1. Bins of 10 Å, beginning at zero and ending with the bin holding the largest distance: percent of Cα pairs per bin for region 92-151, please.
2. Where the centre of each part is set by its Cα atoms, how far does region 100-127 sit from region 32-84, in angstrom?
3. With a ≥ b ≥ c taken as the square roots of the eigenvalues of the C-alpha gyration tensor of region 1-133, please select rounded if a/c is under 1.5 and otherwise prolate if a/b is larger than b/c or oblate if it is not?
4. To test your reading of the geometry: what angle, between 0 and 90 degrees and rounded to tens, separates the Cα axis of helix 92-102 from the longest principal axis of the chain?
5. So for ILE73, ILE98, fewest C-beta neighbours within 10 Å to most, what's the order?
6. Take the alpha carbon gyration tensor of region 21-81, find the square roots of its eigenvalues, order them as a ≥ b ≥ c, and report rounded if a/c is under 1.5; if not, report prolate when a/b exceeds b/c, else oblate.
7. Would you mind checking the tilt of helix 33-52 against the longest principal axis of the Cα atoms of the chain, expressed as 0 to 90 degrees and rounded to 10?
8. So for region 92-151, averaging the separation of alpha carbon pairs under 8 Å that are six or more residues apart and normalising by length, what relative contact order in percent results?
Amino acid sequence: MSYELDPLPYEYDALEPHISEQVLEWHHDTHHQGYVNGWNAAEETLEENRDAGDFSSSGGAMRNVTHNSSGHILHDLFWQNMSPAGGDEPSGALAEQIEEDFGSYEAWKGEFEAAASAASGWALLVYDTFSNRLRNVVVDKHDQGAIWGGHP
């Protein structure tokens, strides 16, 4: 299987003045594309190792799959959750769950901003299937800091 970078769901200049066209184009077309390329290369290495019966480089390739797939998936979520018309508070079931799990939207937002300030990578709102609740998490290196069973 080969992974591909989907086009942005909006134009490169759609998020200005918050994110410039130049930054968005580089972040999507170069930075994010690098994770896709890295994931594909690591998968190819694993397949070649299986065919050859030589697994000496498989440990590093598996780490590369983990890192690059996480980078690709998180960036894909990032693009899908950005919007030129965004910025409103959630409504419906999400708003109700935030109220239940954090006490209020303001409490969730304060905690999320604290997570983002502490992160050298990502802050995520995830659904924790173990505890059956929403949580804010800090993810420093794409694949670290995740809650097993947590869905962003």
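1. With 10 Å bins starting at 0, P(r) equals 25, 52, 23, 0.
2. Result: 27 Å between the Cα centres.
3. Here region 1-133 falls in the oblate category.
4. Approximately 90 degrees, to the nearest ten.
5. With the fewest neighbours first, ILE73, ILE98 line up as ILE73, ILE98.
6. Taking the square roots of the gyration eigenvalues as a ≥ b ≥ c, region 21-81 is prolate.
7. 40
8. 28
Throughout, read-outs are computed from the coordinates displayed, never taken from laboratory work. Given the structure is predicted, the values throughout are model-derived calculations rather than measurements. Heads up, the Cβs are rebuilt from the backbone with ideal geometry, glycines too, and the neighbour counts pull from every protein chain shown.
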